[in-house]
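A short worksheet on the structure shown next.
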Amino acid sequence: MFGTLASAATLMFVGKVTDNFPTVHAAAITLCLLAITAFFMSVVQTIWLLTILIFALRLLGQGMCGHIAMTAMGKWYSKQRGQAVSIAALGIQIGEGIIPPVTVLLITTLGWHVTWQITTCFLLLVSLPIVYATMRKEREPSQEEIDEKDETQQQWQRKDVLADPYFYLIILAMITPAFIATSVFFHQNHLAELKSWSRLVFPAHQFILAISAVFSTLFFGRFVDKYSATQLLPLSLLPLALAILFLGSTDQLWVISVFMALLGMTFGISSNLFGSICPELYGTKHLGAIRSMFTALMVFSSALGPGLTGAMIDIHIALEQQLLIMAGYCLILSALMLPVSKKLLIKIKTQKV
């Protein structure tokens, strides 16, 4: 938790490099540093070094990799930004479906040391060349591709966003999925024991999450282009509310499939929101600096979730009971997002350069 919280704080400052340097340079440096971190994970033997490496993994992997990709999509595309964001987000969705079982297989057969070394080689020999080849040319939307709203849009700075009260309401909706999903997966073995399930049930159903997330991401990407990311706000937490409501209220094994499908839908909506709402509301000139705040708070919530829910388990507040409380919170927040969304849509129409 300490390493992740530190990475969230650092990301607030590091994330703005995407406004000042070519995308390909930021991506290449991030992947090289991530590969070095992965190698040292294979040989780490001390707690203090492990904390530093977890900090680096969170900052470079969960933080900067997604931040660079989504910032690039926000800047490079205008009319079809939603579809661009949804295609980029497929990397996360496919990775969440493929990487966990592959990692388990590698650790089982070769051990965790070799698995981290394979990760290092993959990042340097596969990811880095592909990213460099596809992102080496900085892109600008052509005149035909530019949405009329983008041409007349006010270009916000970070200080302006921090002074906007709507920013804090949007943040509440956007960090909640990371808080809840990370908490559930972190405590999945404990939850399986409570429900008398095998510890393998969550990994075994992970493919449902990936399939649902992929289709939802593509579907809501088109929704964003046709309507707007802002109109997704009231819908964003409803699938999550249903997912954890089911998970917390029954011990039947079928609920895992329902939970994974609804959580995948949540991820599909969230990834489109995460990539599209910042340029839609605040412009693209300072997008890296602004998005880094969203990314940092998302990383922060993913660190806080397991720690807070774990502390509540220790004081005998059952995880299933916590899930029901979270479901109620999601429903209340969804209702709150209805007037917020309407106000923001009016604000978008009236703001000018």
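From the list Gly275, Gly268, exactly one residue is within 13 Å of the chain's Cα centre (by Cα) and within 12 Å of Thr71 (Cα to Cα). Which is it?
Gly275
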Original post:
Mind checking which residues of the range 319-352 are more than 19 Å from Ser236 (Cβ to Cβ) and charged (D, E, K, R)?
Top reply: Glu320, Lys349, Lys352
Original post:
Could you list, in sequence order, the residues of the range 8-47 that are of a type in the set (S, T, N, Q) and over 17 Å from Met70 (Cα atoms)?
Top reply: Thr10, Thr37, Ser42, Gln45, Thr46
Original post:
Does Lys75 satisfy being outside any helix (DSSP H, G or I), touching a residue at least 40 places away in the same chain (Cβ under 8 Å) and touching a helix residue (DSSP H, G or I) at 6+ places or on another chain (Cβ under 9 Å)?
Top reply: no
Original post:
Since Ala311 meets every condition but one in (1) buried (at least 20 other Cβ atoms within 10 Å of the Cβ); (2) assigned to a helix (DSSP H, G or I), which condition does it not meet?
Top reply: (1)
**OP:** Please name all residue pairs, on different chains or six or more residues apart, with Cβ atoms under 7 Å, provided the first residue is in the range 126-140 and is farther than 12 Å from Ala28 by Cβ and the second residue is part of a helix (DSSP H, G or I).
**Re:** Glu138/Thr23; Arg139/Trp76
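In the range 119-238, which helices (runs of 4 or more DSSP H) lie fully inside it and hold 2 or more residues that are modelled with pLDDT of 90 or more, more than 25 Å from Ser301 (Cα to Cα) and in contact with a helix residue (DSSP H, G or I) (Cβ under 6 Å, 6 or more places away or on another chain)?
128-135
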Original post:
Which residues, counting only those in the range 213-268, are without any contact (Cβ under 8 Å) to a residue 24 or more places away in the chain and among the small types (Gly, Ala, Ser)?
Top reply: Ala243
**OP:** Could you check how many residues of the range 222-256 are among the β-branched types (Val, Ile, Thr) and closer than 24 Å to Cys278 by Cα?
**Re:** 2
**OP:** Inspect all residues belonging to the range 278-294 and state whether any of them is surrounded by fewer than 17 Cβ atoms within 10 Å (Cβ to Cβ) and out of contact with any Ser or Thr (no Cβ under 8 Å at 6 or more places or on another chain).
**Re:** yes
**OP:** Please indicate, with yes or no, whether at least one residue in the range 87-104 is touching a residue at least 24 places away in the same chain (Cβ under 8 Å) and touching a Lys or Arg at 6+ places or on another chain (Cβ under 8 Å).
**Re:** no
**OP:** State whether the residues of the range 91-100 include one that is assigned to a helix (DSSP H, G or I), of a type in the set (D, E, K, R) and either under 24 Å from Phe207 (Cβ atoms) or in contact with a His (Cβ under 9 Å, 6 or more places away or on another chain) (or both).
**Re:** yes
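The values are calculated or read from the model by the stated rules, or taken from the named source; none is laboratory data. Here the structure is a predicted model, which is why all the values come from computation and not from measurement. Using ideal geometry, Cβ is built from the backbone for each residue, glycine included, and neighbour counts are taken over all protein chains shown.
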